[in-house]
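Enquirer: Attaching a single structure in structure tokens format; questions to follow.
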Amino acid sequence: MTMKIALYGTGYVGLVTGACLAEVGNEVTCIDVDVDRIAGLKLGRMPFHEPGLAELVVRNQAAGKLDFTTHAASALAPATVIFIAVGTPPAADGSADLSQVLAVARSIGKYLTHRAVVVIKSTVPVGTADRVQVEIARAITARGAMVLFDVVANPEFLKEGEAVEDCLRPERILLGSQSRRAISVLRALYTPFNRNHERVLEMDTRSAELTKYAGNAMLATKISLMNEMANIAERVGADIEQVRRGIGADPRIGHHFIYAGAGYGGSCFPKDVQALARAALAQGYEPRILAAVEAVNSAQKNKLFELVARHFHGRLAGRTVALWGLSFKPDTDDMREAPSLALMQSLWDEGACVRAYDPQAGSQARECCGERADLVICESPYQALDGADVLVVVTEWKLFRSPDFARIRLALKEPAIFDGRNLYEPAEVEAAGLAYYGIGRGR
Ligand code: UGA
């Protein structure tokens with residue numbers, strides 16, 4: 001069944017969701033307050049790099065199924081389903097800043113003229129759907145109107161770099177609402193994504209909201225526990241990569257999300273773990289595991305710097321360090337909370353220079369760090385090695401997986417690789433005449 005949809009927010013979640021809903025036949029209008037972003041999208045210009053998204057946006061826009069506007073009233077006029085997919089960035093105290101979500105609720109209350117289902121896609125603290133309900137109702141009453149609406153908590157589970165695939169083929173679709181009507185509207189909307197087996201999980205609103213945080217907290221915990229294991233492994237002379245394969249073979253643990261590395265980054269884990277911890281504290285519960293997950297991660301983001309500093313006996317001034325990978329993970333240009341930022345800052349603080357290459361995040365990095373003499377963004381992986389003392393691999397982009405070690409050795413002044421993602425076999429690197437440093441590998 002084709003539906004008319006209005007969707008607030010054209011970030012990762014909003015734009016991907018809007019494009020995928022249009023792809024399966026709905027008429028979607030995306031709303032954003034950012035005039036330049038909307039103008040760019042109308043011309044097919046993507047605000048960020050996400051594989052497969054540009055094609056989807058351009059195709060559906062050309063087919064008249066996807067549109068972009070800054071005018072909420074005109075987008076809401078025909079809509080029977082309204083998505084909220086705006087940002088919930090961390091406030092100064094680590095809790096989720098809901099100002100954008102609540103502003104959207106007021107906008108809906110101001111312009112809604114007919115019955116609609118309001119769907120919260122943004123990651124929001126437990127209880128937000130209730131606040132949105134109140135906020136919309138208040139704005140409707142303020143203009144002396146009477147309009148019925150339902151609110152559904154429907155969190156997203158998109159991974160950057162795979163967001164289009166995750167959206168078109170979801171593992172689960174959470175519908176958190178007490179309203180039978182709203183659930184049946186959304187079940188109909190999601191029918192094209194609910195093929196072969198039942199993916200819809202109906203639950204109460206608060207459980208749906210907490211499920212999102214619980215999932216990210218569980219994944220972040222796996223990573224921090226593995227990073228802790230890596231720190232133990234290197235002290236007791238074990239190799240975390242062999243340990244990883246050993247424990248991953250237990251299906252109760254599984255092979256996913258047990259890769260030790262330079263710490264987790266991105267717009268989700270750091271912010272969601274903190275926001276959940278703040279929410280728990282606000283209810284008088286001290287979240288001990290979440291606090292440890294965060295503490296281990298922030299220490300782990302220093303790990304690569306510590307290895308480099310130890311290699312140079314603390315004397316980094318005047319050194320040049322080549323970095324492969326800047327984004328917080330491959331297949332994205334997202335630099336938010338990226339481990340590369342912490343590493344570069346520490347290197348600069350010690351007087352070292354950075355030559356960096358990333359397949360997508362070069363210009364984002366320049367934006368984050370500003371123009372500075374001690375940062376050169378290079379056009380290729382090997383160009384980054386020119387004049388560099390050592391190489392640090394920070395992000396596991398595919399093209400870094402099988403490098404020419406002989407070429408690296410010749411290019412570097414002091415041949416050493418710091419493998420922040422355990423991509424290489426230490427013996428192979430050492431056989432090529434390079435010193436090898438990994439995470440939790442005793443070298
Ligand atoms: C994460 C979740 O995986 C998604 O399910 C969720 O929908 C999303 O957050 C969200 O809340 O919107 P994302 O932030 O895109 O997705 O990235 P991940 O692939 O989860 O990676 C997060 C970080 O963990 C990266 O820095 C990555 O390098 C690190 N990581 C991941 C590890 O260090 N080790 C691992 O084994 C896996």
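Every number here is computed from the coordinates shown, using simple stated rules; none is lab data. Nothing here was measured: the structure is a model prediction, and the numbers come from that model. A quick note on method: Cβ atoms are made from the backbone with ideal geometry, for glycine too, and the neighbour counts reach across all protein chains shown.
Enquirer: Which net charge results for the neighbourhood of residue 200, defined as the other residues with beta-carbon distances under 10 angstrom from its beta-carbon, given Lys and Arg at +1 and Asp and Glu at -1?
Expert: Taking every other residue near residue 200 into account, the sum is +1.
Enquirer: Straight-line reach from residue 42: which lysines have a Cα under 21 Å away, not including same-chain ones fewer than 8 places off?
Expert: Hits, sequence-local ones excluded: 4, 65.
Enquirer: Just how far, in whole angstrom, is the stretch 375-407 from the stretch 234-297 if you go by their alpha carbon centroids?
Expert: The stretch 234-297 and the stretch 375-407 have Cα centres separated by 28 Å.
Enquirer: For the chain, what does the helix formula give at 222 nm: sum of -39500 (n - 2.57) over DSSP H segments with n ≥ 4, over the residue count, nearest 500 deg cm²/dmol?
Expert: -13000 deg cm²/dmol
Enquirer: Taking 8 Å as the Cα distance limit and 6 or more residues as the minimum spacing, I'd like the relative contact order of the chain as a percentage.
Expert: 12
Enquirer: Just to confirm the number: angle between the C-alpha axis of helix 53-62 and the first principal axis of the chain, 0 to 90 degrees, nearest 10?
Expert: Relative to the chain, helix 53-62 is tipped by roughly 30 degrees.
Enquirer: Note down the relative contact order for the stretch 1-60 as a percent, whole number, built from C-alpha pairs under 8 angstrom at least six residues apart.
Expert: 33
Enquirer: Further question: In straight Cα distance, which lysines are under 24 Å from residue 271, not counting same-chain residues fewer than 8 positions off?
Expert: Leaving aside lysines fewer than 8 places away in the same chain, those within reach of residue 271 are 121, 159, 212, 222, 301, 303, 329.
Enquirer: Also, I was wondering about something else. Going by how many other Cβ atoms sit within 10 Å of their own, how do 166, 36 line up, fewest first?
Expert: Ordered by Cβ neighbours within 10 Å, fewest first: 36, 166.
Enquirer: Would you mind counting up the charge near residue 410? Only other residues with Cβ under 14 Å from its Cβ, with Lys and Arg at +1 and Asp and Glu at -1.
Expert: My count for the surroundings of residue 410 gives -1.
Enquirer: For residue 398 and residue 180, FRET efficiency with R0 = 45 Å and r from the beta-carbon atoms, rounded to 0.05?
Expert: 0.45
Enquirer: Which net charge results when you count Lys and Arg as +1 and Asp and Glu as -1 among the other residues whose beta-carbon is under 12 Å from that of residue 335?
Expert: Taking every Cβ under 12 Å from that of residue 335, the sum is -3.
Enquirer: May I ask you to order 19-28, 247-256 by the average number of other C-beta atoms within 10 Å around their residues, highest value first?
Expert: Packing order, densest peptide first, comes out as 19-28, 247-256.
Enquirer: I've got another one for you. Using Cα-Cα distances under 8 Å and only pairs 6 or more residues apart, what relative contact order does the stretch 301-437 have, in percent?
Expert: 25
Enquirer: For the stretch 318-343 and the stretch 157-221, compute the distance between their C-alpha centroids and round to whole Å.
Expert: Result: 31 Å between the Cα centres.
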